[in-house]
Amino acid sequence: METQARLIVDIARLDADGERYQGELPVALFDLGESEVFSPEGGVAYDLFIQVLGTELLVRGKLSLPLNCVCVRCAADFKSVAKDDGFVTSIEISDTTDFLDLTEEVREAIILALPGYPVCSKTCKGLCMTCGKNLNTGGCTCHEAGRDTRWGALEGLS
């Protein structure tokens, strides 16, 4: 992997009060694996404040990765963002540490922010289990036609 594409901090040149790092890292750098329900649509954007506090490097900020997703309920395509608005990591350093690569810490945070169960909206109704119609666009009549009435007497009870 190329050094230029990684998030490397030059600790020796870091301002004593800390510095802000902003940019975007290519998604290929993170090896996020294959998924049937999402695919990255760009790089990982970062906005970090980095400072040395004693013998540790404190990193705080925001990470985001735009995604193309497939709703697991209705199979509709939609856009989303995997983000970590409270990214914080602390790494122990010594007097001999000149450079520190934060790429792995960013990768772990983005992986944790990826959707495990992406849905297009909280109110998504999904697909009909019988005919496959998208219930977000209207109801279907297949349940009424082949309705099981064995429990019909219990439906009136409340």
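Throughout, read-outs are computed from the coordinates displayed, never taken from laboratory work. What you are looking at is a predicted structure, and each value in this text was computed from that prediction instead of being measured. Note that we place each Cβ from the backbone using ideal geometry, even for glycine, and neighbour counts take in every protein chain shown.
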- Query: Relative to the longest principal Cα axis of the chain, at what angle does helix 103-113 sit, 0 to 90 degrees, rounded to 10?
  - Reply: 20
- By what distance, in whole Å, do the Cα atoms of the chain stretch along each of the three principal axes, largest value first? 78, 36, 20
- Can you tell me the FRET efficiency between W151 and T130 if r is taken as the Cβ-Cβ distance and R0 is 25 Å, rounded to the nearest 0.05? 0.90
- Message: Give me the extension gain from D77 to S39: residue separation times 0.36 nm, minus the current Cα-Cα distance, reported in nm with one decimal.
- Response: 12.6 nm
- So for the pair I91, D15, with labels modelled 7 Å out along Cα→Cβ, what separation do we get in nm? 2.1
- First select every other residue whose beta carbon is under 10 angstrom from the beta carbon of T55; then total the charges, Lys and Arg +1, Asp and Glu -1. -3
- Quote to one decimal, in nm, the extra length available between C140 and E108 on full extension: 0.36 nm per residue of separation minus the C-alpha distance between them. 7.2 nm
